[in-house]
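To keep things clear, I will list the structure first and then write my remarks on it.
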Amino acid sequence: MAFPQMAQTGPQGQPMQQDAEEFYSSLIGAAANELRGDNVIRAAFHGEKCGADELNGAVNVIDAVFGLKMEETLTCDELSTAAAGDEKDAMETDGNALVEPSVTTYDLHRKLVCNIQGGSDASSQVNVTHLAEGIQLSLTGKVEKYSDALGRNAQWTRSQKIARLPPYLVVQFGRFYWKATPDSQDHAGVKCKVMKPVGFQGTLDVYEFCSDSVKKVLKVARDKIAAEEEDRVAKKLRGEDDDDKKEEGKLEEAMETEKTGDEDEDAALQAALAMSMQPETEPQPPVGPGLPADFRGLYELFAVVTHKGRDADGGHYMGWVKADNSDSRKALTGDNDDKKREKIGDTDEDNDDWFVFDDDEVSPCKTEDILKLKGGGDWHMSYLNFYRAKK
């Protein structure tokens, strides 16, 4: 049996409810042990070879497709912090001030976590109401670690950044946690569920979670798109998109065709000269395998696993999957046409087609139904969100 823990039974012999995230992690962990090697990784990317700079430490298909290389930096709160890599671990400045170098390490993760236990009372420092807030909260924290400068354990601040992005991204909502029960008879504790609502959209922007080196690459494409959008808006304000302007352009184009060949050649020469004088964009290093060169750090939500019920050891899991129709594919590939797509209310969110899988029953739904899976009641609430890179 591959996963014996999933075959556990209750006191009456009935199958016990298992955690969807634990099953998912067990499944991809087993797959990672089997799907190894360059040829297998190449097959996962449709025959395209991924270089070592793209894989950046991934040696199996799972880490290549879902893996995030995380850059973790620890800084000592009780001392001034020097840059990592100093020759001395601890030194004195001004005769009495100790300096502790920061510690930077790298590790591979297969998902991001949305920490939603920030709380909502007045004493809490963070009240998480959105997915991005919870992810940011999970990437920072406090740890106790030995300080060479102090010669004892001290409080350190932990900060994580994404140093390599995957083509597919998984986010787990921290809905379940273990609560100690010291006053109970068995003192065993109890597994609890956080019911508070945490909103999310159809697109996740991971730019702010990335390391400086990854941000630098993403910013090139983001600035280019921003400049094109600014130019489009400026043209629209000048009325260049009006039908009259379009007809005028067509008339001028027809008149241009009647000009002599010499004039056409001169115009073509001038255009070629102008193109040759435009500054070339330097090729950017890859930020992850299978990602486009102009990737901006945007991911499209395409699947959700939800849990319904107040009992962490009970309830009901369901799957929600985005339909692979033409509109959804255009959103993924960036191939847009003039077809007007349905929006959700007054927002820019596309109201695409989805399907919900309730055991053996499959029903259609829309993006607006998916965005209601944020929690806050007895309805289904998101537990695992699956994203794919937008082009």
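Can you pull out every residue in the range 153-192 that is in a loop (DSSP other than H, G, I, E, B), out of contact with any Lys or Arg (no Cβ under 7 Å at 6 or more places or on another chain) and modelled with pLDDT of 85 or more?
The answer is 165, 166, 174.
Read through the list (1) within 30 Å of residue 208 (Cα to Cα); (2) in contact with a Phe, Trp or Tyr (Cβ under 9 Å, 6 or more places away or on another chain); (3) at pLDDT 85 or above, then give the number of the only condition that residue 104 fails.
(2)
If residue 199 satisfies every condition in (1) modelled with pLDDT of 90 or more; (2) open to solvent by less than 90 Å² (accessible area, probe 1.4 Å); (3) over 16 Å from the mean Cα position of the chain (by Cα); (4) more than 19 Å from residue 166 (Cα to Cα) but one, which is the exception?
Every listed condition holds for residue 199 apart from (3).
Filter the range 304-333 down to the residues that are at pLDDT below 55 and surrounded by fewer than 14 Cβ atoms within 10 Å (Cβ to Cβ), then identify the one that is farthest from residue 384 (Cα to Cα).
326
At least 2 residues that are modelled with pLDDT of 90 or more and touching a strand residue (DSSP E or B) at 6+ places or on another chain (Cβ under 6 Å) in each: list the helices (runs of 4 or more DSSP H) lying fully within the range 2-80 that qualify.
Helices (runs of 4 or more DSSP H) meeting the threshold: 20-34, 61-66.
Go over the candidates 246, 236, 259 one by one and state the one that is surrounded by fewer than 16 Cβ atoms within 10 Å (Cβ to Cβ), part of a helix (DSSP H, G or I) and modelled with pLDDT under 60.
246
So the check is Cβ under 6 Å with 6+ separation or different chains; which pairs have a first residue in the range 109-128 that's closer than 13 Å to residue 172 by Cβ and of a type outside the set (Val, Ile, Thr) and a second one that's assigned to a loop (DSSP other than H, G, I, E, B) and at pLDDT 90 or above?
110/67; 115/174
The values are calculated or read from the model by the stated rules, or taken from the named source; none is laboratory data. Fair warning: this is a prediction, and the values are worked out from it, not measured in the lab. Cβ coordinates were reconstructed from backbone atoms using ideal geometry, including for glycine residues, and neighbour counts include every protein chain displayed. Just so you know, the surface numbers come from the protein's heavy atoms only, side chains and all, with ligands and any DNA or RNA stripped out. Shrake-Rupley method; radii C 1.70, N 1.55, O 1.52, S 1.80 Å.
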